[in-house]
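Please read the structure below before turning to the comments.
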Amino acid sequence: SWGSSSRGSYSSSSSGGTFLFFGDFGDLIVYLVIIAIICIATKKTRNRGSRNYNNIGMQNTNYNNISMETLARKQTEIENTIQASDPNFNAEELVAWSKNLFIKLQNAWTARDWQTIRSFETESLFEQHKNQLQGYIDNKQINVMDRICVNYAHLYKYRVEGDKEILTVRLNSRMADYIINEETKAVIRGDKTTERVNTYLLTFIRKNGVKTKAGTIEVNTTNCPNCGAPTQITSSGKCDYCGSVFTTGEYNWVLSNLERERA
């Protein structure tokens with residue numbers, strides 16, 4: 001290194017008491033030129049590295065912005081399509097409602113009380129989930145969904161098929177998912193600390209031509225959408241007051257399918 005070189009040191013003369021920095025002036029010039037070259041080269045390298053780093057950051061930012069803009073544009077297109085026949089439809093309200101419903105479904109699953117979400121699912125999906133849940137009950141097990149967090153959700157697909165409108169919401173969530181013994185509460189499968197991140201597709205249906213009622217959708221409503229009476233929903237999805245069946249999408253959106261998106 002330069003620090004160990006004789007050119008980078010000084011010593012006292014034994015005869016005259018003067019200090020000798022270099023053997024001659026030419027050596028000093030060479031040394032200064034070499035130092036200057038190294039400094040310039042180092043500065044260029046650092047600047048070049050900084051530019052590359054900034055470009056990568058900008059590229060990543062632009063990519064993320066384009067991705068977000070694409071999702072927002074798709075949601076707006078779906079919203080405009082539905083609003084052409086249903087002016088009160090609001091994409092943000094529907095997405096917020098679907099987030100709340102998703103959390104409500106997970107809580108009902110953990111509580112093993114599927115009846116509380118009866119009014120939000122079609123008959124076939126309700127029976128499917130109820131049978132799955134009954135399997136845990138019969139085995140004296142509880143599938144716990146804990147620390148549920150919805151990271152994001154957006155309108156994903158929309159189509160009209162026959163007399164039905166079909167709307168899909170894509171939702172990403174994070175939660176702990178494990179199974180415990182009903183009596184001992186000991187963990188049988190999974191663990192309490194690991195949080196799993198998954199993306200789900202929630203498919204809603206309603207009868208073609210149904211209009212959105214003004215106001216925010218309430219996920220916890222227990223009022224019949226037909227007669228408005230506070231009511232308990234029977235296992236067949238009927239209002240116990242007027243007898244209307246409102247889990248078919250005749251009055252509002254109902255969940256017809258819930259599946260995890262494959263990677």
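Scanning the range 108-146 for residues that are more than 22 Å from Ala186 (Cβ to Cβ), in contact with a strand residue (DSSP E or B) (Cβ under 7 Å, 6 or more places away or on another chain) and either at pLDDT below 90 or among the polar types (S, T, N, Q) (or both) returns Arg118, Ser119, Phe120, Thr122.
Each row is one residue, and each column tells you yes or no for (1) open to solvent by less than 60 Å² (accessible area, probe 1.4 Å); (2) among the basic types (Lys, Arg); (3) in contact (Cβ under 8 Å) with a residue 24 or more places away in the chain.
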residue: Lys104; (1), (2), (3): yes, yes, yes
residue: Leu155; (1), (2), (3): yes, no, yes
residue: Asp163; (1), (2), (3): no, no, yes
residue: Leu167; (1), (2), (3): yes, no, yes
residue: Ile180; (1), (2), (3): yes, no, yes
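In the set Ile188, Ile233, only one residue is modelled with pLDDT of 95 or more, over 30 Å from Ser67 (Cα atoms) and of a type in the set (A, V, I, L, M, F, W, C); that residue is Ile188.
For the range 115-127, a residue qualifies if it is part of a helix (DSSP H, G or I) and closer than 22 Å to Leu94 by Cα, and the qualifying residues are Thr116, Ile117, Arg118, Ser119, Phe120, Glu123, Leu125, Phe126.
Would you check if Asp177 is in a loop (DSSP other than H, G, I, E, B), modelled with pLDDT of 90 or more and within 29 Å of the chain's Cα centre (by Cα)? Here the answer is no, as Asp177 does not meet what is asked.
If you go through the range 124-145 and keep only what is closer than 24 Å to Thr199 by Cα and either out of contact with any Asp or Glu (no Cβ under 8 Å at 6 or more places or on another chain) or polar (S, T, N, Q) (or both), you end up with Ser124, Leu125, Phe126, Glu127, Gln128, Lys130, Asn131, Gln132, Leu133, Tyr136, Asn143. Of the candidates Thr212, Thr216, the single residue that is modelled with pLDDT under 95, part of a loop (DSSP other than H, G, I, E, B), touching a Leu at 6+ places or on another chain (Cβ under 9 Å) and not small (Gly, Ala, Ser) is Thr212.
When the range 134-153 is limited to residues that are part of a strand (DSSP E or B) and open to solvent by 50 Å² or more (accessible area, probe 1.4 Å), the one that is nearest to Leu202 (Cα to Cα) turns out to be Tyr152.
For the range 187-207, the count of residues that are surrounded by 12 or more Cβ atoms within 10 Å (Cβ to Cβ) and not in a strand (DSSP E or B) is nonzero.
Please tell me if Lys130 is in a loop (DSSP other than H, G, I, E, B), out of contact with any Gly (no Cβ under 9 Å at 6 or more places or on another chain) and open to solvent by 30 Å² or more (accessible area, probe 1.4 Å). When the stated conditions are applied, Lys130 does not pass them.
The values are calculated or read from the model by the stated rules, or taken from the named source; none is laboratory data. Just so we're clear, the structure is a prediction, and the values are computed from it rather than from any experiment. Using ideal geometry, Cβ is built from the backbone for each residue, glycine included, and neighbour counts are taken over all protein chains shown. Side chains included, ligands, DNA and RNA excluded: accessible areas come from the protein's heavy atoms. Shrake-Rupley method; radii C 1.70, N 1.55, O 1.52, S 1.80 Å.
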